[in-house]
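Here's the structure, in structure tokens; my notes come after.
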Amino acid sequence: NFYFFFLFKSIILFFIAKRWQLICNNSNFKLSLFNSFTQINVGHLFSFFIPGPFAQDVTKFYFVAKLNKFNNKKKILVISIFDRFVGVTSFLLLTILIIFYWFFHPENELIFDKFINNFKTLRLSFFLIPLLIFFIFILIKKILKKYVFIKILNGLFFKVFCIALLSHMANVIATIYLISEISNLKFLQNAVVVSISLFGNFFPFTPSGLGITELIFQEILHLFKNSKGFELGIKLRIVSFYLILFLSIMTCVMYVFKLIKK
């Protein structure tokens with residue numbers, strides 16, 4: 001399961017890199033798939049240390065601006081926000097679909113009642129996430145009105161949205177396989193646990209929702225009478241960190257080697 005997670009997660013990162021490359025190239029910014037993949041990995045690595053969910057966005061903005069000699073910085077900012085918007089909306093859609101399917105499953109009436117009774121424990125994250133999305137919408141609305149090239153991004157939206165949806169779906173499946181040996185839950189139950197817990201990554205006051213994601217894992221698994229939620233969250237974070245660290249080192253070494261060769 002660990003090797004499956006490692007391989008699948010790497011493929012997911014390529015999906016994310018391809019999405020970012022498409023957005024950049026369609027906005028007249030030159031970006032190769034390798035450079036995009038490197039930016040995504042380094043941004044993920046920084047997100048383990050920098051509070052808030054936007055470390056990757058800052059990294060992408062800086063590298064694309066540097067590759068384009070810091071021209072059109074406002075335009076690069078806009079496409080960074082657009083990429084984030086696509087990622088968040090596709091994640092929300094997938095999570096809502098999984099949760100609704102599970103809620104209306106005939107065997108889940110008792111679990112649904114427990115979820116409502118324990119909602120007070122999770123309300124902080126569920127309050128902060130919609131608030132964060134609301135501010136993103138306002139920011140997008142104000143910025144995008146000023147740019148004509150947004151029509152190009154609108155035409156590209158469906159394509160990159162589908163790529164984002166596939167990457168989130170693959171991420172959920174890969175995480176399910178990683179935790180399945182400890183959680184001892186059915187596939188659909190694991191899908192719900194993972195989908196809801198990943199909301200903790202949007203918590204703005206700790207790096208990648210550190211502590212909050214693990215707390216949500218713990219509370220959701222308690223509904224299924226499983227006490228290993230916090231342990232699962234910690235193991236998932238550690239494995240993810242080592243994976244991103246390995247990929248970041250490898251891609252950065254290759255990038256430096258290419259520069260030396262030139």
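For segment 185-262, taking Cα atoms only, Rg and Dmax work out to 17.0, 58 Å respectively.
Under 5 Å from the amide H of Gly52 lie the amide H atoms of Phe205, Thr206, Ser208, Gly209, each residue being 5 or more positions distant or on a separate chain, with H modelled from the backbone and absent for Pro and chain starts. An oblate overall shape is assigned to segment 1-55, the ratio a/c of its alpha-carbon gyration tensor axes (a ≥ b ≥ c) being 1.5 or greater and a/b not exceeding b/c.
Residues Ser32, Ser197 ordered from highest to lowest accessible area at a 1.4 Å probe: Ser32, Ser197. Lys and Arg at +1, Asp and Glu at -1: add these up for the other residues within a Cβ distance under 13 Å of Phe54 and post the number. Result for the neighbourhood of Phe54: 0. In order along segment 245-256, the phi-based Karplus estimate (6.51 cos²θ - 1.76 cosθ + 1.60, θ = phi - 60°) of 3J(HN,Hα) comes to 4, 4, 5, 5, 5, 4, 5, 5, 4, 5, 5, 5 Hz; Gly and Pro are listed as x. For Lys262 and Lys66, the FRET efficiency from 1/(1 + (r/R0)^6), where r spans their Cβ atoms and R0 equals 22 Å, is about 0.90.
The values are calculated or read from the model by the stated rules, or taken from the named source; none is laboratory data. Model, not experiment: these values are computed from the prediction. Glycine gets a Cβ as well: all are built from the backbone with ideal geometry, and neighbour counts include every protein chain shown. Ligands, DNA and RNA are excluded from the accessible area calculation, which covers all protein heavy atoms including side chains. Shrake-Rupley method; radii C 1.70, N 1.55, O 1.52, S 1.80 Å.
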